[in-house]
Amino acid sequence: MSHWIALAHERFPPDDLLRQAVEAEQAGFDGICCSDHLAPWWTDETAPTNSGSAWVWLGAAAHATDHAKLGSGVTAIVHRYNPVVVAQNAATLEFLAPGRAFLGVGSGEAMNEMPAGMEWPSPAEQLARTEEALIIITRLLRGETVDFDGRYFKAKGAVLYSLPRRRVPVYLSAFHEGAAELAGHLADGVWTLGDPQQAPKIVAAYREACEQAKREPGEIILQSVFSVADSDDAALEQAREWKGTLVDEHYTDPVADPREIYRHGESEVSDSQFTKQIIASSDPEKHVKRIRMLEKLGATTMVLMNVSGDDPHAAIRVYGESVLPELR
């Protein structure tokens, strides 16, 4: 079992995130990923906001760290990024962090694509766009010269001239069975939330798709959120701005205003619901117990997003001293 940390560009400035990356590797996390957003999930009226460039930051993190796996978690491939450029970014990261780079991709959210000029499509079109982009990306990372004439994306003699010896693995984010099936056919693993109700369905759909495609299952990555503070109430309070991530409509509907996203999160996700979906506690043992429970859902890798807004560095120390050693 591997344990990765997810670092939030939406919450912390890029220079502080770089410090967190170094501290996370020293604390014993096996991998480091960062969110890839244009907009945060809330406004600066409710909590500090940021939105640094993931791929610029990953290059810096490659030089600041030396052994942890490193990649995006996840990069949307439906509009804002051309898939040829995404493949080039991932290949370049592998040169800077040999043997460590990975690429997490997904269909994204309206909040990040609509400001870049996209009319937010239906879930079916989101999946179709993701499939086309994923085909281009995986073919390029295999070293192919790609000609592709899709409905949404095209490539004409595209090739990666800086191609690393190791093929960068690509993991597809999936919140429903259709995306999990796509991961089973095209990706090197599936990435989903550590939701005890939904994760087993996603994992089962992914494994079944792998079997149908006569492929061995790859990584099964489950993600959760953790918040550490002096009390359980304080841990919950400093994570509150992330409630919007648990509203399904923020992934399917054209909701792009961070103020609206925050209001939806507050009105539609109760504190009791929220605490069941995240790990918010002052007690390291509670973190250990929750992570062990999530691991039993079929994970090969756990991704734990640090949303300890008051002192993220102290939270990383707690995990290094009291959580990760217990998990191992």
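The values are calculated or read from the model by the stated rules, or taken from the named source; none is laboratory data. Note that the structure is predicted; figures quoted are calculated from it, not measured. Using ideal geometry, Cβ is built from the backbone for each residue, glycine included, and neighbour counts are taken over all protein chains shown.
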Looking for something under 24 Å from CYS34 (Cβ atoms) and acidic (Asp, Glu) - is there at least one such residue anywhere in the range 264-280?
no
Go through (1) over 23 Å from GLU132 (Cα atoms); (2) among the aromatic types (Phe, Trp, Tyr); (3) surrounded by fewer than 22 Cβ atoms within 10 Å (Cβ to Cβ); (4) in contact with a Ser or Thr (Cβ under 9 Å, 6 or more places away or on another chain) for TRP57 and report which single condition fails.
(4)
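If I filter the range 122-147 down to residues being polar (S, T, N, Q) and under 17 Å from VAL85 (Cβ atoms), which single residue comes out as surrounded by the most Cβ atoms within 10 Å (Cβ to Cβ)? Spell out the reasoning first.
In the first step, residues of the range 122-147 are kept if they are polar (S, T, N, Q); the result is 122, 126, 130, 138, 145.
Narrowing further to those that are under 17 Å from VAL85 (Cβ atoms): 130, 138, 145.
Details: THR130: 27, THR138: 22, THR145: 11.
The selected residue is THR130.
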Taking ALA299 as meeting all but one of (1) of a type in the set (A, V, I, L, M, F, W, C); (2) surrounded by fewer than 20 Cβ atoms within 10 Å (Cβ to Cβ); (3) closer than 20 Å to LEU7 by Cα, write down the number of the exception.
(2)
For the range 211-223: of the residues being buried (at least 21 other Cβ atoms within 10 Å of the Cβ) and not β-branched (Val, Ile, Thr), which is nearest to LYS276 (Cα to Cα)?
GLN223
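Check THR75, THR92 and return the single one that is polar (S, T, N, Q) and in contact with a Ser or Thr (Cβ under 7 Å, 6 or more places away or on another chain). Spell out how you get there, then give the answer.
Details: THR75 fails: in contact with a Ser or Thr (Cβ under 7 Å, 6 or more places away or on another chain).
Exactly one of THR75, THR92 is polar (S, T, N, Q) and in contact with a Ser or Thr (Cβ under 7 Å, 6 or more places away or on another chain), namely THR92.
Taking the range 155-172, which residues are outside any loop (DSSP other than H, G, I, E, B) and loosely packed, with under 15 Cβ neighbours inside 10 Å? Walk me through it before giving the result.
Of all residues in the range 155-172, those outside any loop (DSSP other than H, G, I, E, B) come to 155-158, 170-172.
Scanning the range 155-172 gives LYS156, GLY157.
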Please give the number of the condition ILE220 fails out of (1) part of a helix (DSSP H, G or I); (2) at pLDDT 95 or above.
(1)
Show the residue pairs that are 6+ apart or on different chains and have beta-carbon atoms under 7 Å apart, the first residue being within the range 40-56 and of a type outside the set (Lys, Arg), the second being surrounded by fewer than 16 Cβ atoms within 10 Å (Cβ to Cβ).
THR43/ARG259; ASN50/PRO13; GLY52/PRO13
